[in-house]
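In what follows, a single structure is set out as structure tokens and then discussed.
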Amino acid sequence: MIKKKIVVTGGLGFIASNLIEKLLKKNYKVINIDKISYSSNFYNTREINKNKDYKFFKCDILNKKKIYKLLIKEKPIALFNLAAESHVDRSIDDPYPFIKNNILGVFNLLESVKKYHKIHKKFKLIHISTDEVYGDIEKGRTSENHKYEPSSPYAASKASSDHLVYSYHKTYNLPVIITNCSNNFGPRQHPEKLIPKLIYNIINNLDLPIYGNGKNSREWIYVNDHCEALIRILKKGKLGEFYNIGSKKNLNNLQISKKLLSIIKNKNIKSSSKIIFIKDRPGHDSRYALNSDKILKKLKWKNKTNITRGLEQTVNWYIKNIDYFKSIKKRDITKRLGLK
């Protein structure tokens with residue numbers, strides 16, 4: 001049987017590397033395209049580098065000529081676009097890379113895909129976005145029909161890319177699906193993000209810096225569940241549709257911190273870390289929450305991993321892979337960003 005090929009952009013990153021691993025286990029061939037930025041990490045793919053069904057190409061999605069050549073050469077049936085600047089704090093300090101990569105990069109990718117689709121009609125593009133495009137949600141949960149009200153330059157750049165992708169479906173009949181997912185956590189996440197940063201700090205006896213009063217609430221989903229949802233969408237999703245992907249489980253930053261302290265304490269790891277409250281970042285949304293009934297009803301996908309069990313598995317991975325932290329510049333772990 002001839003294995004089908006899938007392209008994953010940003011494949012050296014957190015979610016994408018987990019997706020690649022899952023696709024390989026499901027007998028797809030995978031082509032990883034990554035420009036190798038500060039958040040790219042070859043540690044994330046070290047276990048699959050010798051897999052005969054895996055290829056890596058260094059390439060920026062801004063380079064539409066090279067992307068098109070790769071598509072023509074490899075002839076994939078689908079492309080998952082996860083290449084993006086994704087850290088809110090960085091977008092506050094310097095919005096330009098977010099505009100360049102998340103908007104202009106997506107535009108160039110769409111142009112390449114549009115040209116490729118004229119030859120390969122059964123191809124589809126799945127564009128991965130975020131719940132942050134909906135903005136601050138004080139009550140209830142946002143369905144796919146909720147208006148976009150992004151608060152940060154990062155969220156605005158992702159909202160822009162969503163609109164751009166959908167416009168190519170409406171105008172050029174490009175076969176696209178757009179997904180908006182809640183906060184992911186799990187193995188291989190860069191420690192500029194909350195959960196791995198807290199794990200790093202606890203292991204290294206550093207205090208746990210929490211923005212404001214710690215009450216900012218996020219909906220959390222274990223990365224494996226997100227990847228399973230993406231593969232379900234690849235197989236069963238309807239072209240031109242948006243799908244929210246979430247767990248319907250919210251915890252605030254203070255609750256996450258206390259859970260991690262408890263989990264690590266139970267592993268007999270001694271730590272003197274304590275929670276400290278620091279100046280909040282500008283424009284910090286108080287709550288994100290998704291209504292993901294559509295994917296449950298239409299595609300029969302459901303989140304499986306209890307958040308406590310997921311955090312336990314995440315902590316286990318970082319403890320087992322302590323060298324992962326050594327593969328990242330220390331200033332990218334400890335330096336405070338987003339104060340402008």
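Of the numbered criteria (1) over 19 Å from TYR38 (Cβ atoms); (2) touching a Gly at 6+ places or on another chain (Cβ under 9 Å); (3) not hydroxyl-bearing (Ser, Thr, Tyr), the one LYS121 fails is (2).
Just one of the listed residues (SER86, SER112, SER91) is assigned to a helix (DSSP H, G or I), touching a residue at least 12 places away in the same chain (Cβ under 8 Å), touching a Phe, Trp or Tyr at 6+ places or on another chain (Cβ under 9 Å) and more than 15 Å from LEU70 (Cβ to Cβ), namely SER91. Residues in segment 217-230 that are touching a Leu at 6+ places or on another chain (Cβ under 9 Å) and polar (S, T, N, Q): SER217 only. Can you say whether ILE99 is of a type outside the set (Ser, Thr, Tyr) and under 22 Å from LEU230 (Cα atoms), as far as the supplied structure shows? It is false that ILE99 is of a type outside the set (Ser, Thr, Tyr) and under 22 Å from LEU230 (Cα atoms). Of all residues in segment 200-215, those that are over 13 Å from ILE278 (Cβ atoms) have Cβ atoms under 8 Å from Cβ atoms of residues that are assigned to a strand (DSSP E or B) and of a type in the set (A, V, I, L, M, F, W, C), 6 or more apart or on another chain, in ILE202/LEU208. Selection of segment 65-112 for residues being of a type in the set (Lys, Arg) and touching a Leu at 6+ places or on another chain (Cβ under 6 Å) yields only ARG90.
If you go through segment 236-273 and keep only what is polar (S, T, N, Q), modelled with pLDDT of 95 or more and out of contact with any strand residue (DSSP E or B) (no Cβ under 7 Å at 6 or more places or on another chain), you end up with GLN255, SER262. Of the residues ILE15, ILE33, ILE2, ILE6, the single one that is over 20 Å from LEU230 (Cα atoms) and either crowded, with 21+ Cβ neighbours inside 10 Å or modelled with pLDDT under 95 (or both) is ILE2. Beta carbons closer than 9 Å, at least 6 apart along the sequence or on distinct chains, pair a first residue in segment 16-30 that is among the polar types (S, T, N, Q) with a second that is crowded, with 21+ Cβ neighbours inside 10 Å and assigned to a strand (DSSP E or B) for SER17/VAL8; SER17/ASN32; ASN18/ASN184.
Scanning segment 220-274 for residues being farther than 11 Å from SER182 by Cβ, in contact (Cβ under 8 Å) with a residue 60 or more places away in the chain and assigned to a loop (DSSP other than H, G, I, E, B) gives a total of 10.
With the requirement that a residue be of a type in the set (Asp, Glu) and either in a loop (DSSP other than H, G, I, E, B) or surrounded by fewer than 17 Cβ atoms within 10 Å (Cβ to Cβ) (or both), what does segment 136-178 give you?
Result: ASP136, GLU138, GLU144, GLU149.
Scanning segment 43-74 for residues that are over 30 Å from LYS326 (Cβ atoms) and either assigned to a loop (DSSP other than H, G, I, E, B) or aromatic (Phe, Trp, Tyr) (or both) yields a count of 3.
Per the conditions (1) surrounded by fewer than 16 Cβ atoms within 10 Å (Cβ to Cβ); (2) under 16 Å from the mean Cα position of the chain (by Cα), the sole criterion not satisfied by ASN101 is (1).
Taking each residue of segment 1-14 that is closer than 15 Å to ASN41 by Cβ and looking for partners that are part of a loop (DSSP other than H, G, I, E, B) and of a type outside the set (Val, Ile, Thr) with beta-carbon atoms closer than 6 Å, six or more apart or interchain, yields GLY10/LEU82; GLY10/ALA83; LEU12/SER40; LEU12/ASN41; GLY13/SER39; PHE14/ARG188; PHE14/GLN189.
Can you say whether PRO191 is closer than 18 Å to LEU260 by Cα, assigned to a loop (DSSP other than H, G, I, E, B) and not hydroxyl-bearing (Ser, Thr, Tyr), as far as the supplied structure shows? Taking the combined requirement at face value, the residue satisfies it.
The values are calculated or read from the model by the stated rules, or taken from the named source; none is laboratory data. Bear in mind the structure is a predicted one, so any value in this text is a computation, not a measurement. When we count neighbours, we look across all protein chains shown, and the Cβ atoms used for this are built from the backbone with ideal geometry, even at glycine.
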